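Worksheet: the structure to be examined is printed underneath.
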């Protein structure tokens, strides 16, 4: 169907013909048609969350440029603008869920760029990608609301890249989206002066995409799947360790490290859930266990006077996502519980101010401490929380496979990682300031 034969043009032609017969103004009718078309596009396009995030970043950039002009300096709040964009994305996702548009029959994959070879760039907003989209939405909403960030546009751009990854419906679309996200990450690190980390991020992206394409071209060959497992180990265990070390040498007072680490980690979890279809080989499992154990040990032995308390939270944040590779293939439920619950719990602990010892005589203190209590219970895997689902799957699989050595390593690594919560709660109750230099 050509553009001249599109439904909108046909409806416009019919209305225009009828208006000439009745001699009435059709502009209000056309305005209503345009509004309905825009609303339908927003509800039906899986790429709309990424587009809205990108529009928000562009709006902040334009606002900064206008504010820099001496002759015209409007007053606007970046936090309020960012909150408006994030709230719009949240409303969009909520409406899609309410209308059950994420059902597999109601929302078939959308072909963005057909290549005529049977493959193409396709996107889809289904029951797996929708919960993952809530991760950047809720993280940015809490960050902007608490006004704990100064680079609003940067976070919106990174959120747009992550949203594009989450709606990719096939390997080709995922590869392009992941390349875009990692390219944005490389630019992000390059802008902070860490050229080595930026180049390493680009290498990680190319290696991950190459491994995924190799596994897709030779589905019967286990070598491709093994190489992809190595790429996921680099993405979810080793490279986060490198980035956290870079953060530990940087002075920061906002939530940018937390948001970036959370988005990078959750994209790795999404990749494992979508494309890791067989258990990782034993050497990769050993590498995962050793890397996670080493990182957890650093979080435990690090000196609080030399290392920012928030860096400890970042080190703890990559413990559970890395260990989930040991029970691959990862089910959708475990991936959603890990990506949504664990990541948001980290964000809640990070953004929580040190309010001091509670006064139990006043009821409002119970609400103040409800957020860090629920976040802590989620991280340690307390029953009937998001963390309980992933922990239960991890320990059950290792016990059924009689991998007692790996199980002991997992328990030790998580114990060392959870030790970070002790000084965190001590500082929280004491009311010590967390805004130190790293």
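Read-outs throughout are calculated quantities, based only on the coordinates presented, and are distinct from any laboratory measurement. Everything numeric here is computed off the predicted structure, so don't read it as measured data. FYI the Cβ positions are ideal-geometry reconstructions off the backbone, even for glycines, and counts take in every protein chain you see.
I need the calculated FRET efficiency for the pair residue 373 and residue 223, taking r as the beta carbon distance and R₀ as 51 Å, to the nearest 0.05. That pair, residue 373 with residue 223, gives E of 0.65. The calculated FRET efficiency for residue 58 paired with residue 95, based on their beta-carbon distance and R0 = 25 Å, is about 0.60.
Apply 1/(1 + (r/R0)^6) to the Cβ-Cβ distance of residue 199 and residue 384, taking R0 = 45 Å, and write down the FRET efficiency to the nearest 0.05. Taking R0 as 45 Å, the efficiency between residue 199 and residue 384 is 0.55. Extension gain for the segment residue 51 to residue 206, taken as residue separation times 0.36 nm less the Cα-Cα distance, is 53.4 nm to one decimal. The value of relative contact order for the stretch 219-438, using C-alpha pairs under 8 Å at least six residues apart, is 30 percent. At 7 Å along Cα-to-Cβ for each site, give me the label-to-label distance between residue 192 and residue 429 in nm. The answer from the label model is 3.2 nm. Panel values: the stretch 219-438, Kirkwood radius from alpha carbon pairs, Stokes-Einstein at 20 °C and 1.002 mPa s, translational diffusion coefficient 120 µm²/s. For the listed peptides 58-65, 201-208, a ranking on the average number of other beta carbons within 10 Å per residue, highest first, reads 201-208, 58-65. Relative to the compact-globule estimate of 2.2 N^0.38 Å, the Cα radius of gyration of the stretch 125-236 comes out at 1.19. Specify whether the C-alpha gyration tensor of the stretch 241-294 places it in the rounded, prolate or oblate class, a ≥ b ≥ c being the square roots of the eigenvalues: rounded for a/c under 1.5, otherwise prolate if a/b is larger than b/c and oblate if not. Verdict is oblate for the stretch 241-294. Annotation: for a label point projected 7 angstrom from Cα along Cα→Cβ of residue 214, no residues of the stretch 323-337 have a backbone N closer than 14 Å.
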